[in-house]
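Student: Submitted below is the structure of interest, expressed as structure tokens.
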Amino acid sequence: MEGNANLYAFLASGFPQDRSAVAIETPEQTYSWNDIETMSGRLASLLQALSLPPGARVAVQVEKSPTALMLYLATLRAGLVYLPLNTAYRSAEVEYFLTDAEPAMVVCDSKNLEWMEGIAKKAGTPHVYTLDQDGNGSLAVAAASQGDDFQTVQSKPDDLAAILYTSGTTGRSKGAMLSHRNLSSNAQVLKTFWGWRSDDVLLHMLPIFHVHGLFVASHGALLAGAKMIWLPRLNVDQALHYLPQSTVMMGVPTYYVRLLADDRFTRDVCSNMRLFISGSAPLLTETFQAFQTRTGMTILERYGMSETVMLTSNPYDASLGERIGGTVGLPLPGVSVRVVDEQENSLPAGEIGNVQVQGPNVFSGYWRMPEKTREEFTADGWFRTGDVGQFGGANAPDSYLTIVGRSKDLIISGGYNVYPKEIELVIDALPGVDESAVIGVPHPDFGEAVVAVVVPKPGQTLDADRILASLKDSLANFKVPKRVHFADALVRNTMGKVQKNALREQYKDL
Ligand code: MLC
Ligand code: AMP
């Protein structure tokens, strides 16, 4: 019989022989490897008992908890497709995802059950369960009567494992379809490239509804058979408490900015650490250098996306080179990266162009968007990342990639992506608004902050606080502008396009 390409089976091949060892530690409790198998087994039995069709989506919007991770693993084990949703999404946003993905099952926090049930009904989703941060809810009740000895289903490499929604330039989110092969191949490559060891201890503080926390961090520890210290979110006090017992930490740049802002974060606190990894947004060279000065350690910056998982990484193994601040390092083994001009001719090192990628990690396309999928791939199969870069920038060797900007109109705030169009559409629909432009401006904590420039209709006076209050009702909090400014008109170029560069320049100090 052919081997099983199921991602869970692959991850479990790295679990330690001693299944009684601690796999997950939270401030309240520990979970063994055996617990991972039985808890995910019980939930997988429940999913199987529901007789969901192959390829059915399981949409999950819950707070981070060990049980939430088990639900992810159970979905893989049952051969279904995991669809995580940011807990910050409001009902209007969730409605779009459920209507588009038509999941067979939704799991939500019990405080959201009422509106979630209404949306699920509209989307034709038959099963709605609750899972609270403490592990309680109707999911636990339903799973309690199930057996915990579950035979992980056979999956083929190209079977879908997960759909991750990423916002789009048009304001409409797209579901990136990731297969078991995409995720397993990337986990395998990172295991070697970052030197994962079974005696590692990962300090896991990232959310688990995105690539960074769910795949890069969790898969790394699971496949290595390494323990995770599992915290619900970034909390500097808790980080300072747990770092002395940890060996690996991953974070978006804001995590490093916040650690450095605390004088208690010292070389001593890091003495057990072997690796700090940053990604999801550009790490400022100042942060990279301040970290080196404070701790004597060098952050490893890597680059990836929802559609591709990880693409490039600064070296861990010093024989491959140094970690160079301002660069995102070398293409990972098996990943091809090229920088091209507008005609899609490859550019030599030193020249800036569009970054395109290929590899077993690259997704197969956007959920039910064949047109959009075709647009994002070249005829010869390269994925257009929308990032602008060069090989050999920042005084690095020619083999290192540097990201210098984005061709997509994207703001990354604290590691979360915000597409201006989505916010502009909501602002433009408010009474008294003629038009608006949303831009990202430098922010010391979030890297970039969302700012809106709003043009009132002639004769109308608008109130910034009221605009913000309306936006908070329909948009996740990280998308809500930190400031609203009013203008009489938006500066346009000869093509009639709003000149966002001019606006960014005008409002950069705010
Ligand atoms: C929270 N807020 C944010 C925000 N996060 N605003 C802008 N940007 C963000 N990222 C809001 C809060 O709701 C609150 O608003 C106010 O800002 C202050 O909140 P806070 O208490 O300071 O925020 P906190 O809860 O501490 O969260 C900040 C954070 C978090 C940086 C810890 O955003 C975070 O964990 N980010 C990680 C994102 C991530 O995992 N990205 C990976 C994507 S994968 P109010 O109005 O309530 O006061 C990917 C691919 C790859 O990109 O390469 O990895
Ligand atoms: P997402 O769609 O949330 O997966 O975000 C992916 C985007 O984050 C990429 O296309 C990049 O623009 C950005 N990104 C991720 N890692 C880095 C990094 N190390 N440096 C700069 N940008 C990054």
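Taken together, the values in this text are just the output of simple stated rules run on the coordinates, not laboratory data. As the structure is a prediction and not an experimental result, all values here were calculated from the model. Using ideal geometry, Cβ is built from the backbone for each residue, glycine included, and neighbour counts are taken over all protein chains shown.
Student: Out of everything in the stretch 263-307 that is outside any loop (DSSP other than H, G, I, E, B) and in contact with a helix residue (DSSP H, G or I) (Cβ under 7 Å, 6 or more places away or on another chain), what residue ends up being farthest from ligand 2 (Cβ to nearest atom)?
Tutor: Of the residues in the stretch 263-307, the ones outside any loop (DSSP other than H, G, I, E, B) are 275-278, 285-295, 300-305.
Narrowing further to those that are in contact with a helix residue (DSSP H, G or I) (Cβ under 7 Å, 6 or more places away or on another chain): 278, 287, 290-291, 294, 304.
Details: 278: 7, 287: 12, 290: 17, 291: 15, 294: 20, 304: 6 Å.
It comes out as 294.
Student: Within the stretch 182-217, restricting attention to residues that are within 12 Å of ligand 1 (Cβ to nearest atom) and small (Gly, Ala, Ser), which residue is farthest from residue 4 (Cα to Cα)?
Tutor: 213
Student: Could you tell me how many of the residues in the stretch 190-212 are within 16 Å of ligand 2 (Cβ to nearest atom) and either free of Cβ contacts under 8 Å to residues at least 24 places away in the same chain or part of a loop (DSSP other than H, G, I, E, B) (or both)?
Tutor: Let us first name the residues in the stretch 190-212 that are within 16 Å of ligand 2 (Cβ to nearest atom), namely 190, 193-194, 206-212.
Now drop any that are not either free of Cβ contacts under 8 Å to residues at least 24 places away in the same chain or part of a loop (DSSP other than H, G, I, E, B) (or both), which leaves 194, 206-210.
The total comes to 6.
Student: Is there a residue in the stretch 113-130 that is assigned to a strand (DSSP E or B), buried (at least 16 other Cβ atoms within 10 Å of the Cβ) and among the hydrophobic types (A, V, I, L, M, F, W, C)? Break it down into steps so the answer makes sense when it comes.
Tutor: We begin by selecting, within the stretch 113-130, every residue assigned to a strand (DSSP E or B); these are 127-130.
Retained after the next criterion (residues that are buried (at least 16 other Cβ atoms within 10 Å of the Cβ)): 127-130.
When the remaining residues are screened for being among the hydrophobic types (A, V, I, L, M, F, W, C), the result is 128.
Within the stretch 113-130, one or more residues are assigned to a strand (DSSP E or B), buried (at least 16 other Cβ atoms within 10 Å of the Cβ) and among the hydrophobic types (A, V, I, L, M, F, W, C).
Student: Which of the residues belonging to the stretch 308-336 are touching a Ser or Thr at 6+ places or on another chain (Cβ under 6 Å) and not in a loop (DSSP other than H, G, I, E, B)?
Tutor: 329, 330, 331
Student: Please find, within the stretch 481-506, the residue that is farthest from ligand 2 (Cβ to nearest atom) out of those that are free of Cβ contacts under 8 Å to residues at least 40 places away in the same chain and β-branched (Val, Ile, Thr).
Tutor: Applying the first criterion (free of Cβ contacts under 8 Å to residues at least 40 places away in the same chain) to the stretch 481-506 yields 482-489, 491-497, 499, 501-502, 505-506.
Add one more test, that the residue is β-branched (Val, Ile, Thr), and what stays is 484, 491, 494.
Working: 484: 25, 491: 26, 494: 28 Å.
By that ranking, first place goes to 494.
Student: Return the total of residues in the stretch 407-440 being in a loop (DSSP other than H, G, I, E, B) and within 24 Å of the chain's Cα centre (by Cα).
Tutor: Of the residues in the stretch 407-440, the ones in a loop (DSSP other than H, G, I, E, B) are 407-410, 414-415, 419, 429-432.
Okay, now just the ones that are also within 24 Å of the chain's Cα centre (by Cα), so 407-410, 414-415, 419.
Of the residues in that region, 7 qualify.
Student: Please determine, by comparing only the residues of the stretch 154-187 that are over 16 Å from the mean Cα position of the chain (by Cα) and among the β-branched types (Val, Ile, Thr), which one is nearest to residue 210 (Cα to Cα).
Tutor: Checked the stretch 154-187; the qualifying residue nearest to residue 210 (Cα to Cα) is 169.
Student: Here's another thing I want to ask about it. Looking only at residues that are within 24 Å of residue 376 (Cβ to Cβ) and hydrophobic (A, V, I, L, M, F, W, C) in the stretch 134-181, which one is farthest from ligand 1 (Cβ to nearest atom)?
Tutor: Here the answer is 160.
Student: Sticking with this one: Among the numbered criteria (1) among the small types (Gly, Ala, Ser); (2) in a helix (DSSP H, G or I); (3) farther than 29 Å from residue 172 by Cα, which one does residue 147 miss?
Tutor: All conditions pass for residue 147, except number (2).
Student: Could you list, in sequence order, all residues of the stretch 386-427 that are more than 16 Å from ligand 1 (Cβ to nearest atom), closer than 30 Å to residue 324 by Cβ and out of contact with any Gly (no Cβ under 9 Å at 6 or more places or on another chain)?
Tutor: Answer for the stretch 386-427, where residues must be more than 16 Å from ligand 1 (Cβ to nearest atom), closer than 30 Å to residue 324 by Cβ and out of contact with any Gly (no Cβ under 9 Å at 6 or more places or on another chain): just 409.
Student: Please list, ordered by residue number, the helices (runs of 4 or more DSSP H) wholly in the stretch 1-77 having 1 or more residues that are in contact with a helix residue (DSSP H, G or I) (Cβ under 6 Å, 6 or more places away or on another chain), hydroxyl-bearing (Ser, Thr, Tyr) and touching a residue at least 60 places away in the same chain (Cβ under 8 Å).
Tutor: Values: elements: 7-12, 33-49, 66-77.
Filter on the stretch 1-77 gives 7-12, 33-49.
Student: For the stretch 400-427, give me the residue count where each residue is crowded, with 22+ Cβ neighbours inside 10 Å, in contact (Cβ under 8 Å) with a residue 60 or more places away in the chain and among the hydrophobic types (A, V, I, L, M, F, W, C).
Tutor: 2
Student: Being away from ligand 1 (no atom under 16 Å from the Cβ), touching a strand residue (DSSP E or B) at 6+ places or on another chain (Cβ under 8 Å) and over 23 Å from residue 183 (Cβ atoms): is that true of residue 345 here? Quick ask: steps written out before the conclusion?
Tutor: On the way: away from ligand 1 (no atom under 16 Å from the Cβ): yes; touching a strand residue (DSSP E or B) at 6+ places or on another chain (Cβ under 8 Å): no; over 23 Å from residue 183 (Cβ atoms): yes.
Answer is no for this residue.
Student: For the stretch 441-457, what are the residues that are within 16 Å of ligand 2 (Cβ to nearest atom) and surrounded by fewer than 22 Cβ atoms within 10 Å (Cβ to Cβ)?
Tutor: Applying the first criterion (within 16 Å of ligand 2 (Cβ to nearest atom)) to the stretch 441-457 yields 442-443, 446-448, 450.
Matches in the stretch 441-457: 442, 443, 448.
Student: Do we find that residue 383 is surrounded by 15 or more Cβ atoms within 10 Å (Cβ to Cβ), touching a Phe, Trp or Tyr at 6+ places or on another chain (Cβ under 9 Å), of a type in the set (A, V, I, L, M, F, W, C) and more than 19 Å from residue 327 (Cβ to Cβ) in this structure? Let's see the steps before the verdict.
Tutor: Numbers: surrounded by 15 or more Cβ atoms within 10 Å (Cβ to Cβ): yes; touching a Phe, Trp or Tyr at 6+ places or on another chain (Cβ under 9 Å): yes; of a type in the set (A, V, I, L, M, F, W, C): yes; more than 19 Å from residue 327 (Cβ to Cβ): yes.
It is true that residue 383 is surrounded by 15 or more Cβ atoms within 10 Å (Cβ to Cβ), touching a Phe, Trp or Tyr at 6+ places or on another chain (Cβ under 9 Å), of a type in the set (A, V, I, L, M, F, W, C) and more than 19 Å from residue 327 (Cβ to Cβ).
Student: Here is a further query. Is it true that residue 351 is crowded, with 23+ Cβ neighbours inside 10 Å and either without any contact (Cβ under 8 Å) to a residue 12 or more places away in the chain or closer than 19 Å to residue 395 by Cβ (or both)?
Tutor: Numbers: crowded, with 23+ Cβ neighbours inside 10 Å: no; either without any contact (Cβ under 8 Å) to a residue 12 or more places away in the chain or closer than 19 Å to residue 395 by Cβ (or both): yes.
Spelling it out, it is not the case that residue 351 is crowded, with 23+ Cβ neighbours inside 10 Å and either without any contact (Cβ under 8 Å) to a residue 12 or more places away in the chain or closer than 19 Å to residue 395 by Cβ (or both).
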